[in-house]
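Notes follow once the structure below has been shown.
The values are calculated or read from the model by the stated rules, or taken from the named source; none is laboratory data. Note that the structure is predicted; figures quoted are calculated from it, not measured. Every residue, glycine as well, gets a Cβ built from its backbone with ideal geometry; the counts of neighbours run over all protein chains shown. Note: areas computed on protein heavy atoms with side chains; ligands, DNA, RNA excluded. Shrake-Rupley method; radii C 1.70, N 1.55, O 1.52, S 1.80 Å.
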Amino acid sequence: MKYSKFVFASALIASVTITSCSNDNDDQATSYTVPTNYSFERNGATTVEFSGQTNRILMLEELGNVIKTAATNGTVADLTVLQNMYTNTNNPFSEAFLNTSGKQLKNKTAASTDYFELNLGGGSITESTAVQASFESQLLLSNQASQGPNASAGVAGVYLDGSSSRLFAPNGLEPQQVLLKGMMGAVFLDQIVNNYLSVNKLDEASNRLNNSNKIVATGQSYTTMEHAWDEAYGYVYGADNVSGITAAKFWSSYINQVDADADFNTLKSDIELAFRTGRAAIIANDYTTRDAQIDIIKSKLALVPAVRAVYYLQDGKAKLVTDNGAKAFHALSEAYGFIISLRYTNKPGTNSPYFSKTEVDAMLASMVSGNNGLWDIDTLGAKLDTISTQIATKFGFTVAQAATVN
């Protein structure tokens, strides 16, 4: 697959003019305009840069595609190749610029400033190491399933999903989907809300003073604070306009899917406006408005894995009755991954996730409890309903509202 160099995403939404009295340099009201797209310049040069985030999105896409191809073609998902892709060693990617980027997925897995460096939100370095190991176990499961017989209760292998094949672990989970959706949380979401949009990160050391005085980073056109905000943006929209990529836009794609439902149809515009407003506020030294946008982004982004988790729980439950097991288990594996992502949300005003690690682990364990995990179909439906209600209640929507998102 070929990718061109990335360009910046734009959201054609009406501009907003803000008048603020929170300028850090004085008490005078400051008026500034929020642009209609995510485009910011200084002295005629763009100040927006998030290539590292785009690279990691493309890395995760290719990692997932290697597993998918092995299932489809009946070949072995080479464990060494998968491990090399996770750590970006030994030139594992099809694009040279990814291999030489100096970026990788592993060292950004459960690695945020707030949760895993400052140990807020119940996080710790010990947990970070365990999370990385859990994703590496999905690589091993993919490798084992690709060499196995037909998947069955307690047996890893290939399971025919209509006209295509998927790889499943002994408990019925699909490692590829657990990996993709889980890492959307443990890498992308964690970095967005617990790292780059953390006030601890934005304002660390002399960042705030330098931003107020427009002292740019060495050799760059942007301030350190501006760049941190852009990196958060890049983990959502960094692959939206990359030539050659069609499906794996990850958070951007799922924002669109949730927004397509009438019950959540301001989600996309709310998130895009908050990103643009916060960036404009940083330029204007309006840190009060900046911080208000952080809260909007945190709350709105958290809604995405919550809604999608409930949707896939209910979709999988329905397919246990109406479709073959592979389709049901595929949906439930997506739900499982999105539930993992809930641990990396950040509820405004708390610096803690909407669901604690203990709560998330309990939901995950419930899904695969019993002797055969998802294969215990007769007892699965009630567990799926309980988890669906638990998530929906926490976020203030109904199971029925989430289940209508297609």
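Nonpolar atom fraction for the chain, defined as the carbon and sulfur part of the 1.4 Å probe accessible area, stands at 50 percent.
Under 1.5 on a/c is rounded, so check that first for the stretch 84-185, then, if it is not, pick prolate when a/b is larger than b/c and oblate when it is not; a ≥ b ≥ c are the square roots of the alpha carbon gyration tensor eigenvalues. Judged from the Cα gyration tensor, the stretch 84-185 comes out oblate (a/c at least 1.5, b/c at or above a/b). Largest first, the extents of the alpha carbon coordinates of the stretch 255-361 on the three principal axes equal 56, 32, 18 Å. Between ASN256 and ALA96, the FRET efficiency from the beta-carbon distance, with R0 = 41 Å, is close to 0.85. Taking amide H atoms as placed 1.01 Å from N in the peptide plane, the amide H of THR36 has no partner under 5 Å among residues 5 or more positions away or on other chains. Computed from label points 7 Å out along Cα-Cβ, the spacing between SER206 and ALA130 is 4.1 nm.
Taken over the Cα atoms of the chain, the convex hull encloses 139 Å³ per residue. Residues whose amide H falls under 5 Å from that of LYS347, counting only those 5 or more places apart or on a different chain, are SER352, TYR354, with hydrogens built in the peptide plane. Principal semi-axes of the equivalent ellipsoid, √(5λ) from the alpha carbon gyration tensor of the stretch 122-164, are 30, 10, 9 Å from largest down. The alpha-carbon atoms of the stretch 44-96, seen along their principal axes, cover 52, 22, 14 angstrom, with the largest extent given first. For the stretch 173-247, what D do you get in µm² per second when you plug the Kirkwood radius from alpha-carbon pairs into Stokes-Einstein at 25 °C and 0.890 mPa s? In µm²/s, the coefficient rounds to 174.
Using the 1.4 Å probe convention, the accessible area of the stretch 251-406 works out to 34 Å² per residue with neighbouring protein chains retained. Scaled against the 2.2 N^0.38 Å expected of a compact globular protein of N residues, the Cα radius of gyration of the stretch 61-125 reads 1.40. For THR223, the residues 5 or more places off, or on other chains, whose built amide H falls under 5 Å of its own are ALA217.
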